[in-house]
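The values are calculated or read from the model by the stated rules, or taken from the named source; none is laboratory data. Owing to the predicted nature of the structure, the values given are computational and were not obtained by experimental measurement. Because the Cβ atoms are built from the backbone with ideal geometry, glycine has one as well, and the counts that use them run over all protein chains shown. The area values use the complete protein model at the heavy-atom level, side chains included, leaving out ligands, DNA and RNA. Shrake-Rupley method; radii C 1.70, N 1.55, O 1.52, S 1.80 Å.
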Amino acid sequence: MDNDKEEISSKGISRRELLKRGAIGGVGLLLGASGLKGFELLNEGSSSKPVTATNSNMTVPFYGKHQAGIVTPMQDFICMGAFDLTTSSVDDVRKLFKLWTEASARIAKGEGVGEESNNGLVPPEDTGEVMGLLAMNTSITFGVGASFFDDRFGLSGKRPAALADIPSFKRDNLVSEWSDGDVIVQVCANDQQVAFHALRNLARIARGKAVLRWIQQGFQRTAATDPKSSTPRNLMGFKDGTNNPDVSDAANSNEIVWAHGSDGTAWMDGGSYMAVRRIRMRIEVWDRTTLGEQEATFGRHRDSGAPIGDKDEFAALDFTKKDDKSEERIRADSHVRLAHMEGGVKIHRRGYSYANGIDLKTGQLDAGLLFICFNRDPRKQFIPMQSKLAEADKLNEYIVHVGSGLYACLPGVSQGGYIGDVLL
């Protein structure tokens, strides 16, 4: 453990070293574009304010009161992986989390995961595929699943009550290879190769202590294709996230996203609970469905995203409106009506589309939505909402949930600390 601490300390980066590297690599582009201000931003400390995913220096601070990647504006790509720990030593877990913290902080700044020695007799510290590339607003978010608190590490007494077992929802068709995991790592970035590089190197660092259980890459429309940053569309062609709460408002995020120590688990203060659902879409069936049926299923118009009968995407949902046949404009089994929860339950969604090629058994596309949401308490937010959707959502005719997990996303970490230091 002491050796690890020395190793981490010795790898602090000086401004001189930064400028030297900048002369030959991507960091130079950062300084060239933003000067000393850019340097200060690279070393920015704690901040609870959301940061833009298009800031000029292309970095998102790793250290802070909260982890990045939760209320951070969504980047274009995601690479998410769940790990199973192969060690039963809590000291090994602590050592791994320290190494992951050091590597993640460097990656978030656009650096390699370690200092290269140019020693031809040993493997390089970094896999090298992002050498010369910008950080592209990389955020790396860590969470732990319920299995992290079994009897292996002596932490069973610290499992938060809010990290509940997800019930078996109606129509679920879950498979273990797309569910659960001891540790979840969400990497988001505005470049797919940069995002993959981060998870690949964290997996490499974990060898001997943890193995990947599943990995899923995802995407949404990019900033280049939609400069207005309108609401993203899912692979069914509908806008997805119109009713997402404004978590740039601290009052909203404190109420909806961030766990509070007073909620019952002191060490989770400033953390959040992440629900992940891998939702496969029956795209071939959907593509043969009429536009009218598609819109009735969602309860919104496809082109504008407006509630049925309205023209404005953000028009207030009014479930009392009737059409010229005196029938409800927004059907009782529509997705938007059931997810609305009478306005009393809100979650913060951060989902991405995925496409994994062809299902070799059926010849159909293996594509859908990597649904991700953050909650202050999933027992009061995600679980009751998903229970209601599972029972009656007309959209269930076109989707199937094949993966599931609930994770306690650890509070942010301060400079000199490590991810999970409030728990381990």
Please enumerate the residues belonging to region 60-90 that are surrounded by fewer than 23 Cβ atoms within 10 Å (Cβ to Cβ), assigned to a loop (DSSP other than H, G, I, E, B) and in contact with a Gly (Cβ under 7 Å, 6 or more places away or on another chain).
Tyr63, Gly64, Lys65
Here is a list of conditions, (1) more than 20 Å from the chain's Cα centre (by Cα); (2) closer than 17 Å to Cys373 by Cβ; (3) small (Gly, Ala, Ser), and Ser168 meets all of them except one; can you say which number that is?
(2)
Condition first: buried (at least 16 other Cβ atoms within 10 Å of the Cβ) and either among the small types (Gly, Ala, Ser) or on the phi > 0 side of the Ramachandran plot (or both). Now tell me which residues in region 148-179 satisfy that.
Ala162, Ala164, Ser179
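Each row is one residue, and each column tells you yes or no for (1) open to solvent by less than 60 Å² (accessible area, probe 1.4 Å); (2) within 29 Å of His340 (Cα to Cα).
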| site | (1), (2) |
| --- | --- |
| Cys188 | yes, yes |
| Trp214 | yes, no |
| Asp249 | no, yes |
| Trp258 | yes, yes |
Looking only at region 226-239, decide whether some residue is farther than 30 Å from Ala296 by Cα, of a type in the set (A, V, I, L, M, F, W, C) and open to solvent by less than 50 Å² (accessible area, probe 1.4 Å).
no
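For region 325-375, give me the residue count where each residue is of a type in the set (A, V, I, L, M) and under 20 Å from the mean Cα position of the chain (by Cα).
6
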Residue in region 278-290 that is assigned to a strand (DSSP E or B) and aliphatic (A, V, I, L, M) present:
yes
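Does Gly305 satisfy the criteria of being open to solvent by 40 Å² or more (accessible area, probe 1.4 Å), under 14 Å from Ile330 (Cβ atoms) and either modelled with pLDDT of 95 or more or not in a loop (DSSP other than H, G, I, E, B) (or both)?
No.
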Looking across region 190-202 at residues that are among the aliphatic types (A, V, I, L, M) and either out of contact with any Phe, Trp or Tyr (no Cβ under 9 Å at 6 or more places or on another chain) or at pLDDT below 95 (or both), the single one that is surrounded by the most Cβ atoms within 10 Å (Cβ to Cβ) is Ala198
Of the residues in region 222-237, those that are more than 18 Å from the chain's Cα centre (by Cα) and among the hydroxyl-bearing types (Ser, Thr, Tyr) number 3
Surrounded by 14 or more Cβ atoms within 10 Å (Cβ to Cβ), touching a residue at least 12 places away in the same chain (Cβ under 8 Å) and within 17 Å of Thr101 (Cα to Cα), is that true of Val183?
yes
May I ask you to verify whether Asp269 is touching a Lys or Arg at 6+ places or on another chain (Cβ under 8 Å), farther than 25 Å from Arg337 by Cα and open to solvent by 40 Å² or more (accessible area, probe 1.4 Å)?
no
Options Val113, Val93, Val144: the member that is open to solvent by less than 50 Å² (accessible area, probe 1.4 Å) and either aromatic (Phe, Trp, Tyr) or in a loop (DSSP other than H, G, I, E, B) (or both)
Val113
Close pairs (6 angstrom Cβ cut-off, 6 or more residues apart or separate chains): farther than 17 Å from Leu96 by Cβ in region 144-156, at pLDDT 95 or above anywhere
Ala146/Leu163; Ser156/Phe149
